[in-house]
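Heads up: the structure comes next, in structure tokens.
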Ligand SMILES: Nc1ncnc2c1ncn2[C@@H]1O[C@H](COP(=O)(O)OP(=O)(O)OP(=O)(O)O)[C@@H](O)[C@H]1O
Ligand SMILES: [Mg+2]
């Protein structure tokens, strides 16, 4: 057999230079989302003025901002108390969800005996339960926190169960062969494996906690964004309703972003982080 | 050339205290009642210290099942007969960290770096004294991955990952290394490379190796002794001694004697 030499080209590859786009383009790219936002607010302001829409139907953005500037401590205080309730409810949901999730994933008996009852609570709309919360816990912070908890809890529980149970069985066997304790199996394999699942549940649970807190305040509280919404809509103060809705939205996005940031830092190994 | 050494697997003499692993009349049944599967039947086997044993047989004949039984990974009640490792039951042997296991896939924790993966058994084991624990850094060097210590499994090639898993298996200084088709997922070039690498690693430790494989040449190249299993229920139908000189190099694979050995093994497998 003869070996045929391949024809060899002497061409060298050209390394493409690292080009930075000119700064105006970079500035545009960095700010374009905000530009769109500002532009739409401008169009909104203009449309309200030109079409002469009455304030109680759709207020102009300037009217909404004015509302905030007139009574900033009222609105920011309400934002603070809703934020507190949402964060507390969310934290409780994470703690209880993780503990129960680990228990369920590791003990089929607990799952069999407890899960059906939790499911009943889950499918009952929180709106239907919320009046009970005021009856049981009064009109303070507690029923609001519980409402936030109820909405945030189930996504966490479901994902933790999935995350613990889906740990690589062979990796668990590697640990068992090394004579690891059950606690080590949990700490070294099952919990780390559940982390991406936990964080993906936060993407649902964190905004959910804000919705739950608003709902709790809506149905029986004397502070918070949800409470102020009932008051403002009763007075046909549409600017205030818009403002309160906007503040709720900011709160939800803020909580969501904190979770995404944590996820990026803590589960950098997982492909979902690149999404 | 006369056919040598193909003899029905006869249980060796009973004074088997020198044997590291001993299986007596082992039968393994998965499931019960109508859904029961007899995976392994009537296996009698002794593995000596520092022996390199290969097990070969058709797919589904019970090779992995036998390996798992030695490692005590099967549910209680599945294994009949007796299995001892260094005179102990598989459970006690596991408590003493007497053996390690390498799966067909690398089975690494994706959130741990190569070095942290190698260190994992050290963090959880309770059975080995400090002198019997090996440094993860040295083991990574042994498998040629000192430079990749801080990489995550996702950043390593398939062959590198499998080398990490072999290094991990060696951390607790096992007396027996159980390997279930460890190179099955690798390409031929990496495989060849891993063969000589595993042989030199094995020479540098004092472990016995039981390696399941689907490759005839791999079995002949690596082993002191090759066991042939029949289709399910798996029985050991032949045993072939391979007495080529060590250290073995890839040169051996072009020897006539090597090819004859492979042919002998193929014939034994067809008779099984
Ligand atoms: N957990 C289980 N439950 C029931 N049957 C099983 C179980 N594990 C394996 N088996 C059956 O036992 C038999 C032997 O399986 P085993 O995995 O040991 O084969 P193998 O020789 O390793 O095959 P391969 O070479 O394809 O890996 C198969 O018929 C399989 O279906
Ligand atoms: Mg197998």
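Read-outs throughout are calculated quantities, based only on the coordinates presented, and are distinct from any laboratory measurement. What you are looking at is a predicted structure, and each value in this text was computed from that prediction instead of being measured. FYI the Cβ positions are ideal-geometry reconstructions off the backbone, even for glycines, and counts take in every protein chain you see.
Points to keep in mind about this one:
- Taking label points 7 Å from Cα along the Cα-to-Cβ direction, residue A:124 and residue A:52 give a separation of 5.4 nm.
- For region B:205-265, the alpha carbon convex hull comes to 96 Å³ per residue, rounded to a whole number.
- Span from the region B:143-165 Cα centroid across to the region A:230-275 one, whole angstrom: 41
- Alpha carbon centroid spacing (whole Å) that separates region A:137-191 from region B:174-196: 36
- Note on chain B: GNM, Cα springs under 10 Å; of B:65, B:190, B:84, the largest mean-square fluctuation is that of B:190.
- For the residues of B:99-112, the average number of beta carbons from a partner chain within 10 Å of their own beta carbon is 4.
- Remark: relative contact order (chain B) = 26 percent; criterion is Cα-Cα distance under 8 angstrom and separation of 6 or more residues.
- Antiparallel content of DSSP bridges confined to the protein assembly as shown, in %, to 5: 50
- Point-to-point label distance, residue B:104-residue A:65, nm (Cα→Cβ direction, 7 Å offset): 6.6
- Förster radius 35 Å - calculated FRET efficiency between residue A:28 and residue A:266 (Cβ-Cβ, nearest 0.05): 0.60
- Cα pair count fraction exceeding 42 Å, expressed as % - the protein assembly as shown: 45
- Relative contact order (%) - criterion: Cα under 8 Å, at least six apart; region: chain A: 24
- Between region A:61-110 and region B:72-111, the alpha-carbon center distance in angstrom: 48
- Each Cα pair under 8 Å and six or more residues apart adds its sequence gap; the mean of these over the residue count of region A:1-158 is a relative contact order of 26 percent.
- Gyration tensor (alpha-carbon) shape descriptor, chain B, a/c threshold 1.5: oblate
- Cα gyration tensor of chain A - equivalent ellipsoid semi-axes, whole Å, descending: 44, 37, 13
- Efficiency of FRET between residue A:233 and residue A:113 - r from beta-carbon atoms, R0 56 angstrom, step 0.05: 0.80
- GNM flexibility winner over chain B from B:29, B:124, B:43 (Cα, springs under 10 Å): B:124
- Highest-MSF residue in chain B out of B:138, B:51, B:116 [GNM, Cα springs under 10 Å]: B:138
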